[in-house]
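Computed from the coordinates by the stated procedures, all read-outs in this text should not be read as laboratory data. Owing to the predicted nature of the structure, the values given are computational and were not obtained by experimental measurement.
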């Protein structure tokens, strides 16, 4: 296990050293390529800034207005109807927040883990859900917006379907593996 830890510790520094050396021997202008890439990255950052600000404001309004709590409350009867553990209702805000914001979802997951414990059903489910789903609306807003895609077509539907499948898979995996 110490070998893996050492490889992990040295992997990125070695790559950062190896790539410029290989580029130099292939006669690639290393510094000029770096500066050009940094300039493109800066332009992309400036281009996505309005989309990012809009998304963050919308998420803050959604949470601060109480809409997240109302939606969570409305979904509780569905949880009961499906015969799931009543504690499962605690995961609803995370399931709703995850497609919207990674940092917001991380905050909700942290609260759940602090409240229920990391080795509890809810703690394990929150952790598994964090790794099984994506920030669908964030991806559509920021990444699609940065390259100028205005018609999402099926991306929204498929992204949300993937998030629902991730939620279902998380519940199934945590239930089968840990309980």
What's the angle, to the nearest 10 degrees (0 to 90), between helix 121-132's Cα axis and the longest principal axis of the chain? 40
I'd like the orientation of helix 155-178 relative to the chain: the angle between its Cα long axis and the longest Cα principal axis, in ° from 0 to 90, rounded to 10. 70
Let me know the shape class of the range 16-92, please: from the alpha-carbon gyration tensor, a ≥ b ≥ c as square roots of the eigenvalues, rounded when a/c is under 1.5, otherwise prolate if a/b is greater than b/c, or oblate. oblate
Between 116, 152, 31, find the one with the highest GNM mean-square fluctuation for the chain; connect C-alpha pairs within less than 10 Å. 31
Hey, what angle do you get for helix 30-64 against the long axis of the chain, alpha-carbon based, 0 to 90 degrees rounded to 10? 20
Normalised alpha carbon radius of gyration of the range 43-136 [divisor 2.2 N^0.38 Å]: 1.20
Between 28, 46, 61, find the one with the highest GNM mean-square fluctuation for the chain; connect C-alpha pairs within less than 10 Å. 28
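Give me Rg over Rh for the chain, both radii from the alpha carbons and Rh done the Kirkwood way, two decimal places. Intermediate values should be presented prior to the final figure.
Values: Rg = 21.1 Å, Rh = 19.4 Å.
With Rg and the Kirkwood Rh in hand, the quotient comes to 1.09.
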